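What follows is a set of notes on a single structure, which appears directly below.
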Amino acid sequence: MKYWLYKSEPGNWSWDDQLAAPKKTTEWDGVRNYQANNNMKAMKKGDRGFFYHSVKEKTIVGVVEVVKEHEPDPTDQTGKGFGMVTLKAVGPMPEPISLDQIKQEPKLENMVLVNNSRLSVHPVTAAEWKTICKMGKFKD
């Protein structure tokens, strides 16, 4: 299993929206960055990810799971082959973790979120996953 982080602007799609979606499942579409798209191509069914509210909140608020692997994104009108995955909510982060908390944790100093804050979908190492789950009291 691999781990990921998905950034979403809560004004466009929030954790509450994810929970309210039918079967708590949604297509993660609209990604128009080649590196983020390549990350989604590497995802497999069963991979887990952190749901991160970007912009003002900058907080990990929940955990999602890949339930359908990369496929063409029908909202891509560019013809550049961008895709999407389908995610299902697993559960909320009992104690949401802010970007400031992540930056203060030495074990997370090399995390992509800390060093490439513009990338909307990126990998999380197994060690980073364990550290954040422990910080947020999420029982994985």
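The values are calculated or read from the model by the stated rules, or taken from the named source; none is laboratory data. Since this is a predicted model, take the numbers as computed values, not measurements. Ideal geometry is used to build each Cβ from the backbone, glycine not excepted, and the neighbour counts take in all protein chains shown. All accessible areas refer to the heavy atoms of the entire protein, side chains included, with ligands and DNA or RNA removed. Shrake-Rupley method; radii C 1.70, N 1.55, O 1.52, S 1.80 Å.
For region 2-39, filtered to residues that are in contact (Cβ under 8 Å) with a residue 60 or more places away in the chain and basic (K, R), the residue that is least open to solvent (accessible area, probe 1.4 Å) is K7. For P74, the test of being exposed (fewer than 15 other Cβ atoms within 10 Å of the Cβ) and either among the β-branched types (V, I, T) or touching a residue at least 12 places away in the same chain (Cβ under 8 Å) (or both) is passed.
Restricting region 126-139 to residues that are exposed (fewer than 15 other Cβ atoms within 10 Å of the Cβ) and in contact (Cβ under 8 Å) with a residue 12 or more places away in the chain leaves a set whose member that is farthest from V85 (Cα to Cα) is K137.
If you filter region 40-54 down to residues that are part of a loop (DSSP other than H, G, I, E, B) and open to solvent by less than 80 Å² (accessible area, probe 1.4 Å), you find that the one that is farthest from K24 (Cα to Cα) is A42. As a summary of the residue check, V64 satisfies the conditions (1) touching a Phe, Trp or Tyr at 6+ places or on another chain (Cβ under 7 Å); (2) more than 17 Å from F138 (Cβ to Cβ) except for the one numbered (2).
Filtering region 41-63 to residues that are on the phi < 0 side of the Ramachandran plot and β-branched (V, I, T) leaves T59, I60, V61, V63.
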